[in-house]
Amino acid sequence: MNKRFFNIFNLTEEEAITLLDTPQDQIGEDDSRYIAASHLVNFSTDSSINALMRAVQNTNPSLDNRIVRRKSVETLGRLQATQALSVICACLADEDCYTVENAVWAIGEIGTKNIDILEEIAQLLEKPGQIYRVILHTLAKLEYKGAVERISRFTESEDKPTASAAITSICRLTGDYAQMNKVVAFLQHPNCNARRACIQDLIDACYYPAIPEIARCSVSIAFRLRAIRILADVGVERGEITFEGIKPYLEQTLRDHPNDLDLVHEYDQPPTLDFVIRELYQTDFGRCYLASKTLLDTYTVQAPTALLQTYEEEAYTDYGAHYHVMKLLGWLKYTPAYNLLIEALHNKEPQFQKSRSAAAIALGELGDQRAIPDLKKSLKTPIWDLKYAALMSLEKLGDTSGREIVADDSDWLIRAKANVNSNYICKS
């Protein structure tokens, strides 16, 4: 479990437990039981687990308490607290559909072979108004084949994320992956939630043949990189795929040029520059990538000034737009942006982590040799995608000495990249 952003609250375990145990109507303005429930993921102790179970068993109907219960159930799942299984199972009958969803997910994380529990989860597929994706995935994860017929009813659901999960779950439970092409097709769905959901389904199914299509899917790079990374870890470990097989798609994704994506949107008329710039702030990255392509194809001359202006006005605080601005300045080869890109390369604020690798790629595109020392410094970070992007840009700048720095890196993928000319294949 990646806990890089979990431990961000200035609380001790004892303080978090005390806060979580405080009645909701006695919570001060500056305190939060939700934060306490979140923070206890850092403490896999009996004291923390017992406090979280007490929170789950607190059935005060207030909205604040319901939210705390949901989070407490989730945290128990993350801690894989087997002693909490019965408490979590009791939530399967809860009236709150989100508490039920979190309980199902937590049971999947903890794991069980208990047929009664699995059947109770399967029966939730008959419950109107319930959220079904997590139920479908959990039944597949826990290998409950008794639910296959009930799951199959959802394969034609009008809700595409649900249909994608159902198809994937049937494939996993039966071992017949012939229908996974239908899930791959959702990568081109106009709804961004459908595209994101199907990527998760492809991960859960360990469906390696979809890696090229995942690389071309117009969702945030974070979704694509996570998918390719997980599939690479699992597939190479099992000997089912090789680093050489996934390398082109991994590097295509890290470069993240809009011409390498299958765009799912189009403009019904030529857009103005102001409109295109505003599109960089969309939460649907499919629209952001269409805007990026338009800036590169149509507004090459005007784009740098417009990008710097929107950066100064707003993008410096908006992590999505910030990412696109950094990447575009590189594609436009706008050399006056060098200092801004160096600043972004070293920005350690958690929400701007995507921009660090974007800046690394952009610096390679600028072709300025001054960036080499800064890119080498980035090889010492624990963030794998930043290290990989830095290696790519160092290569583009004609410097191969960076490989020596990470030749024995703790991350197998970085070692493989650093030793790519040595036919490196070992993941151990």
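The values are calculated or read from the model by the stated rules, or taken from the named source; none is laboratory data. Keep in mind that this is a model prediction, so the values were computed, not measured. All Cβ positions, even for glycine, are placed from backbone atoms using ideal geometry, and neighbour counts span all protein chains on display.
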Q. Restricting the first residue to region 388-412 and requiring it to be free of Cβ contacts under 8 Å to residues at least 60 places away in the same chain, which pairs with a second residue that is crowded, with 21+ Cβ neighbours inside 10 Å and basic (Lys, Arg) meet a Cβ separation below 6 Å and a spacing of at least six or different chains?
A. 391/417
(Q) Quick check on region 129-143: of everything there that is part of a loop (DSSP other than H, G, I, E, B) and under 14 Å from residue 159 (Cα atoms), which residue is modelled with the highest pLDDT? (A) 132
Q) Just one of the numbered conditions (1) under 18 Å from residue 315 (Cα atoms); (2) among the hydrophobic types (A, V, I, L, M, F, W, C); (3) under 22 Å from the mean Cα position of the chain (by Cα); (4) buried (at least 20 other Cβ atoms within 10 Å of the Cβ) is not true of residue 362; which one? A) (3)
Q: Could you grab me the full set of residues in region 236-257 that are within 16 Å of the chain's Cα centre (by Cα) and surrounded by fewer than 19 Cβ atoms within 10 Å (Cβ to Cβ)?
A: none
Q. Is there a residue in region 315-338 that is surrounded by 23 or more Cβ atoms within 10 Å (Cβ to Cβ), among the basic types (Lys, Arg) and touching a residue at least 12 places away in the same chain (Cβ under 8 Å)?
A. yes
Q.
Checking residue 333 against (1) touching a Leu at 6+ places or on another chain (Cβ under 7 Å); (2) basic (Lys, Arg); (3) under 20 Å from residue 414 (Cβ atoms): exactly one of these is not met. Which one?
A. (3)
Q: Look through 150, 216 and report the one residue that is in contact with an Asp or Glu (Cβ under 7 Å, 6 or more places away or on another chain), touching a residue at least 12 places away in the same chain (Cβ under 8 Å) and surrounded by fewer than 19 Cβ atoms within 10 Å (Cβ to Cβ).
A: 216
Q) Taking the stated definitions as given, is residue 233 buried (at least 19 other Cβ atoms within 10 Å of the Cβ) and assigned to a helix (DSSP H, G or I)? A) no
(Q) Show me the helices (runs of 4 or more DSSP H) entirely contained within region 1-105 in which 1 or more residues are under 30 Å from residue 384 (Cα atoms) and under 25 Å from the mean Cα position of the chain (by Cα). (A) 33-39, 63-78
Q | Selection from region 280-310 of residues that are in contact (Cβ under 8 Å) with a residue 40 or more places away in the chain and under 15 Å from residue 329 (Cα atoms) | A | 280, 289
Q. In this structure, is residue 377 crowded, with 16+ Cβ neighbours inside 10 Å and either part of a helix (DSSP H, G or I) or in contact with a Pro (Cβ under 7 Å, 6 or more places away or on another chain) (or both)?
A. no
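Hey, among 129, 175, which residue is without any contact (Cβ under 8 Å) to a residue 24 or more places away in the chain, at positive phi and not basic (Lys, Arg)?
Matching residue, one of 129, 175: 175.
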Q: Test residue 267 against the criterion of being outside the structural domain of residue 390 (by TED's automatic domain parsing) and either modelled with pLDDT of 95 or more or touching a helix residue (DSSP H, G or I) at 6+ places or on another chain (Cβ under 7 Å) (or both), and give yes or no.
A: yes
